[in-house]
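Trainee: Okay, here's the structure, questions in a sec.
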Amino acid sequence: MDYGQVVANGLMIGAVYACIAVGFSLVWGVLNVINMMHGSFIMLGGYLTFFAWLHLKVSPIVSVVPVAAILFVVGYLIQYLMINRVVMQPVLTTLTLTFGLDMILYNFMNLWFTATPRRVVLDLGRLDLGGVILPLDRVVAMGLALLLTGLLYTVMRTSRIGRAIVAVRMDRDAAALMGIRVNKVYAITFGIGALMAGACGALVAVVFPITTSVTGLFLGKAFVICVIGGLGSVPGALVGGLALGLIEAFAGFWFSPQTAILAGFVIMLVLLVVRPTGLVGRRGYE
Amino acid sequence: MNVKSIFGLAAALVCGALATGLAQAQTIKIGAPLALTGGLADEGKKQAIAYDMWLKRINAQGGINVGGKKMRVELVQYDYQTQEQRAQQLAEKLIVDDKVDFLLAPFGSGHTKVVAGVAERYGVPVMATSASSDVIFNQGYKFLFGTLAPNSGSVENLIAVVTKGIPSAKRIAILGREDVFPKAMATVMSDAAKKAGLEIISLEYYPVGALDLATPIAKIRSLKPDWIYITGYSKDLVLAKKQMADLNVKAPVVTMITGPVYREFIDSLGPLAEGVTSASWWHHSAQFKGDDPWGSTKAFYDEFVAREKSDPDYVHAAAAAALVALQKAIEKAGTIDKAKVRDALASLDIMTFYGPIKFSANGMNGGRDLPIIQVQGGKPVVLHPESIKQGTLKPVQ
Amino acid sequence: MKRLPYVAFALWFLLLAAVPFLASNYFVKIATFLAMYAALALSWNFIGGYTGYPSFSTAAFFGLGAYTGALLQNAGLWVGLAWACAAVVTTVFAAVIGFAILRMRGHYFAIGSIALVEALMLVASILADLTGGGEGLNVKIMPGGPDYIGRVFLYTMLGIMLAAFITTVLVDRGRLGFGLRCIQQNEDAADMVGIDTRRYKTAAFALSAVFCGAIGAAYASWVAYISPSDSFSILLTLKVPVMVLLGGPGTIFGPIVGSAAFVMMEETIWSKYLEYHQAVLGLVIVLLIFFLPGGVLRVFRRRAAA
């Protein structure tokens, strides 16, 4: 196996990883909230996409939009009604709250959808670039992931709401003094986080089997990527995701699949000690 | 309250107590920890279905015959959440608080061991319905019995079928999940393959938390194996096969334990499932006939299909068979005394819809000719044993 | 009035110790879990409650203790000694790792501590020749009937809980507790005032490991079989801080009250609702966060003050 394939594998999965993490990173960086529901949001997006594909024959690529919209509303409401009450409290409080909410969400998802693995069957074929094989559905997922991430970045940079979010992230009180409705910004940010998770779920439905049993795995990945890349920034999540994808690909190639996952955690721990802001991030919340 | 009403109340209470007392004395309670949530939620519900099928049948005929008297059966169920601690706690709760007479083991292998440990101390017989690895029965527990035959028998048959059908398949790559059962299946395969003279070109394990298998699969591709053998749970195997297709990883023989056995594997993969082989512990086309609530494999199959609209797999059958074994042991012992039923189980030698049930010294069901199947035309086809053979091994395209 | 909580605790302790003589083994088991979680909660309280560092390493220490204890026991060491050694190994590990991890604060520390759990679990999986890997590890079975075993482990867990409690009292009253509280309020100021923050934090982190390690080792002996995913359980590591949060972090009795309430609640909910127990428990947690932000004890304290 040549290094070309390793790199290709790493980048393809890395783009999906980036998408998994970007919503999580945003919420964490801006709201100071570790959203334990993130993995479940992704799966929810995945299930909605799957059922749309199964019953309504809608392609996942098209589903991304409505699924993202639905998740945005879900996220917005959850933030507005519940998390806003505790958003300035220590990390443990908010984490516990989202942990409790996740238990409720998981229970219902498990009952409604069951844990049987589902998969959207999209046989798009593959691309063969001189021995390096790129499965087309992964390429599409990667492309969409990059597109969404890029879109988010643009929104954050150029739109009013984006700039409001960045302002709140930099200095909450100053932003409030400038007339920004902080609670609304928080709700929108959380909604965006959920939206990205849902959109990611739609992509993931194409690439991985969807089942409630893996929500924790996705959440775990999001953690690692945020640290590696840097909190609260879109480029950070992108860099972190791609980096993790490559780390796992190379470690898996040189050693074993288990070492691949371990490598991710070890690097994360090392970075936490040496450069906690991550490869790209600025000084985030302490 | 006047005297009459006090009498009435007292009488009612006494009658009620007697009735409950009588009712209790006439039911056999079996404790069933189920994985309704958590990592094994999908697998665990198969047990629930099988238990329910048996329960309805046995109570429809009045219950189990205990020394001439028929006793109805009651199943006490809890969700053990695929957590070891809950499993252990649950075992004690069922025995001590719910006062069950017998226990069924949870789906997870490690959790089975933990439950067996508790049951052993209390002397309560435990029926393991989905444990086929020797490692589960290696703690010397006398009250643990399992209806699945040991893993080694399956790989031996598999190797026999492959070496006969595609003799050019000499180089095998093994990828296993680092989890009790899948790992055991990988290890027995590597031992058996070595003995059969096959060359093991790769033996790797992926962790329980693996989200992506692209790298190990790409590694396998570069080694150009004749036979790819992968173990794991449904979602792992679905992912693996898909990634094999993505990365253009081909081999004449592709085995996934125990993918093709399960309906959801074939449904999820569609045409990608074509040609995948697996070992199984039972196949519904078998022609066993026995003295159990169904009487024959076909009867079990028919009822299952009518109820679930899909074919039963070996997990369903083994779960129901475990209850059948327990039932037969109780009938044989003529009592629900735990020690005597345990002895009856140890010396049981019967034929059922599931096949022969006879437990070895370590509590595992005796080896038998385990079926080998391959997905052909979108359906699992039996390649072995001869008696129920439906097709021959075809190389994967 | 100040003595009342201590008296209450003493009574609670005696009650738990008397359970084998008062009720069935099922209750003995519940009592054992009550003691076990109380000890875990008290442990966490050192680093999470007093120092204010949200640690999620409980499962890492528990699992490390379990494997160490199991391996030592299998090697022939007497059970009690194996448990003690496991506690020591876990503490040393915490002190060494703490050196690196405690440099981070808040969220980063939290993430680092969770990473520890995952990393150790993977290591246990990878070193399959030693630990059995995914197949798990058999631990020598302690001989004895269920009543005897039930009692042995009840008193073991109670003993560990008592040790954790006494340590908490000593820390709370002593200089270490004072220093940790200063660190929680304002670490930089504490540093400037002359408190050796690094040493204090490491001490707290190490203390949070001692009893977890002992409990892990005892637990391994109790169930006679351990595996990586069950010994390094993320769920455990998340539940313990919730218990302390529920009872009142940074107090002597908060962890005990919180863990008792949580365990009883979980037990009741789980056995009553077959299909919805997780949702019900989640709902309870959510309500607690909204209505009891300082934990149960803060409610009492407010009332007492008023």
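Trainee: Looking at region C:137-165, which of the residues that are among the hydroxyl-bearing types (Ser, Thr, Tyr) and over 16 Å from the mean Cα position of the chain (by Cα) is surrounded by the fewest Cβ atoms within 10 Å (Cβ to Cβ)?
Mentor: At the first step, the residues of region C:137-165 found to be among the hydroxyl-bearing types (Ser, Thr, Tyr) are C:148, C:155-156.
Checking which are over 16 Å from the mean Cα position of the chain (by Cα) leaves us with C:148, C:155.
Working: C:Tyr148: 13, C:Tyr155: 15.
For region C:137-165, the residue satisfying everything is C:Tyr148.
Trainee: Let me ask something else about it. From the residues in region A:112-151 that are over 20 Å from B:Arg263 (Cα atoms) and small (Gly, Ala, Ser), which one is farthest from the other protein chains (Cβ to nearest Cβ)?
Mentor: Selected residue: A:Gly150.
Trainee: Here is a follow-up. Can you spot a residue in region B:216-235 that is part of a strand (DSSP E or B) and closer than 23 Å to A:Asp128 by Cβ?
Mentor: Yes, region B:216-235 contains at least one residue that is part of a strand (DSSP E or B) and closer than 23 Å to A:Asp128 by Cβ.
Trainee: Considering only region C:143-169, how many residues are of a type in the set (A, V, I, L, M, F, W, C) and within 10 Å of chain B (Cβ to nearest Cβ)? Explain how you work it out, then say what you get.
Mentor: Step one: filter region C:143-169 for residues of a type in the set (A, V, I, L, M, F, W, C), giving C:149, C:152-154, C:157-158, C:160-166, C:169.
So of that shortlist, the ones also within 10 Å of chain B (Cβ to nearest Cβ) come out as C:149.
Residues in region C:143-169 being of a type in the set (A, V, I, L, M, F, W, C) and within 10 Å of chain B (Cβ to nearest Cβ): 1 in total.
Trainee: Check region C:96-106 and report whether any residue there is of a type in the set (Lys, Arg), more than 15 Å from C:Leu207 (Cβ to Cβ) and more than 10 Å from every other protein chain (Cβ to nearest Cβ).
Mentor: No.
Trainee: Between a residue in region B:95-124 that is more than 26 Å from B:Ala317 (Cβ to Cβ) and free of Cβ contacts under 8 Å to residues at least 40 places away in the same chain and any residue that is in a helix (DSSP H, G or I) and among the aromatic types (Phe, Trp, Tyr), which pairs come within a Cβ distance under 7 Å, given they are 6 or more apart or on different chains?
Mentor: If the second residue must be in a helix (DSSP H, G or I) and among the aromatic types (Phe, Trp, Tyr), the pairs left are B:Val96/C:Tyr26; B:Asp97/C:Tyr26.
Trainee: Now a separate question. For region B:99-127, give me each residue that is of a type in the set (S, T, N, Q) and closer than 19 Å to B:Val324 by Cβ.
Mentor: Of region B:99-127, the ones of a type in the set (S, T, N, Q) are B:109, B:112.
Within region B:99-127, B:Thr112 is the sole residue that qualifies.
Trainee: Counting residues that are without any contact (Cβ under 8 Å) to a residue 12 or more places away in the chain, which strands (runs of 3 or more DSSP E) fully inside region B:329-397 reach at least 1?
Mentor: B:379-384
Trainee: Please state which one of A:Ile161, A:Ile165, A:Ile192 is crowded, with 17+ Cβ neighbours inside 10 Å, away from chain B (no Cβ under 14 Å), in contact with a helix residue (DSSP H, G or I) (Cβ under 9 Å, 6 or more places away or on another chain) and over 30 Å from A:Ala8 (Cα atoms).
Mentor: Just one listed residue meets the conditions, A:Ile165.
Residue-wise test of (1) charged (D, E, K, R); (2) at the interface with another protein chain (Cβ under 10 Å from one of its Cβ atoms); (3) surrounded by fewer than 21 Cβ atoms within 10 Å (Cβ to Cβ).
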{"residue": "A:Val207", "(1), (2), (3)": "no, yes, no"}
{"residue": "A:Ile228", "(1), (2), (3)": "no, no, no"}
{"residue": "A:Leu238", "(1), (2), (3)": "no, no, no"}
{"residue": "A:Leu246", "(1), (2), (3)": "no, no, yes"}
{"residue": "A:Ala249", "(1), (2), (3)": "no, yes, no"}
{"residue": "A:Phe255", "(1), (2), (3)": "no, yes, yes"}
{"residue": "A:Val270", "(1), (2), (3)": "no, yes, yes"}
{"residue": "A:Arg275", "(1), (2), (3)": "yes, no, yes"}
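Trainee: Regarding B:Ile30, is this residue under 25 Å from B:Lys113 (Cα atoms) and of a type in the set (Val, Ile, Thr)?
Mentor: Yes: the conditions hold for B:Ile30.
Trainee: With the structure loaded, tell me whether A:Met156 is among the aliphatic types (A, V, I, L, M) and over 14 Å from the mean Cα position of the chain (by Cα) or whether it fails that test. Lay out the reasoning, then the answer.
Mentor: Working: among the aliphatic types (A, V, I, L, M): yes; over 14 Å from the mean Cα position of the chain (by Cα): yes.
When the stated conditions are applied, A:Met156 passes them.
Trainee: Continuing with the same structure: Condition test on C:Gly48, is it within 12 Å of another protein chain (Cβ to nearest Cβ), in a helix (DSSP H, G or I), at pLDDT below 95 and within 19 Å of C:Ile252 (Cβ to Cβ)?
Mentor: Here the answer is yes, as C:Gly48 does meet what is asked.
Trainee: While we're here: What's the number of the condition B:Thr82 fails, among (1) of a type outside the set (Asp, Glu); (2) closer than 17 Å to C:Glu135 by Cα; (3) part of a strand (DSSP E or B)?
Mentor: (3)
Trainee: If C:Pro143 passes every condition in (1) under 30 Å from B:Thr112 (Cα atoms); (2) modelled with pLDDT of 90 or more but one, which one does it miss?
Mentor: The single condition C:Pro143 does not satisfy is (2).
Trainee: Using the structure shown, decide if A:Val67 is free of Cβ contacts under 8 Å to residues at least 24 places away in the same chain, away from chain C (no Cβ under 14 Å) and under 29 Å from B:Asp267 (Cβ atoms).
Mentor: No, not satisfied.
Trainee: Taking the options C:Gly248, C:Gly254, C:Gly213, name whichever one is buried (at least 24 other Cβ atoms within 10 Å of the Cβ) and at pLDDT below 90.
Mentor: C:Gly248
Trainee: Okay, next question. Kindly list the number of the only condition in (1) in a loop (DSSP other than H, G, I, E, B); (2) touching a residue at least 12 places away in the same chain (Cβ under 8 Å) that fails for B:Gly62.
Mentor: Against the list (1) in a loop (DSSP other than H, G, I, E, B); (2) touching a residue at least 12 places away in the same chain (Cβ under 8 Å), B:Gly62 comes up short only on (2).
Trainee: Suppose the filter is surrounded by fewer than 24 Cβ atoms within 10 Å (Cβ to Cβ), away from chain C (no Cβ under 14 Å) and part of a strand (DSSP E or B); does B:Ile174 pass it?
Mentor: no
Trainee: Would you check which residues across region B:65-79 are outside any strand (DSSP E or B) and within 19 Å of B:Ala35 (Cα to Cα) and list them? Let's see the steps before the verdict.
Mentor: Applying the first criterion (outside any strand (DSSP E or B)) to region B:65-79 yields B:67-68.
Of everything in region B:65-79, nothing turns out to be outside any strand (DSSP E or B) and within 19 Å of B:Ala35 (Cα to Cα).
Trainee: Which one of C:Leu130, C:Leu137 is in contact (Cβ under 8 Å) with a residue 40 or more places away in the chain, within 12 Å of chain B (Cβ to nearest Cβ) and at negative phi?
Mentor: C:Leu137
Trainee: Moving to a separate point now. Which one is farthest from the other protein chains (Cβ to nearest Cβ) among residues in region B:187-221 that are of a type in the set (Gly, Ala, Ser) and within 20 Å of B:Leu237 (Cα to Cα)?
Mentor: B:Ser190
Trainee: Among the numbered criteria (1) free of Cβ contacts under 8 Å to residues at least 12 places away in the same chain; (2) within 14 Å of chain B (Cβ to nearest Cβ), which one does C:Gly76 miss?
Mentor: Against the list (1) free of Cβ contacts under 8 Å to residues at least 12 places away in the same chain; (2) within 14 Å of chain B (Cβ to nearest Cβ), C:Gly76 comes up short only on (2).
Trainee: Output the residues belonging to region C:51-79 that are closer than 21 Å to C:Tyr155 by Cα and outside any helix (DSSP H, G or I).
Mentor: The answer is C:Leu77, C:Trp78.
Trainee: Among the residues of region B:24-51, how many are in a strand (DSSP E or B) and within 18 Å of the chain's Cα centre (by Cα)?
Mentor: Of the residues in that region, 5 qualify.
The values are calculated or read from the model by the stated rules, or taken from the named source; none is laboratory data. These numbers come from a predicted model, not from an experiment. When we count neighbours, we look across all protein chains shown, and the Cβ atoms used for this are built from the backbone with ideal geometry, even at glycine.
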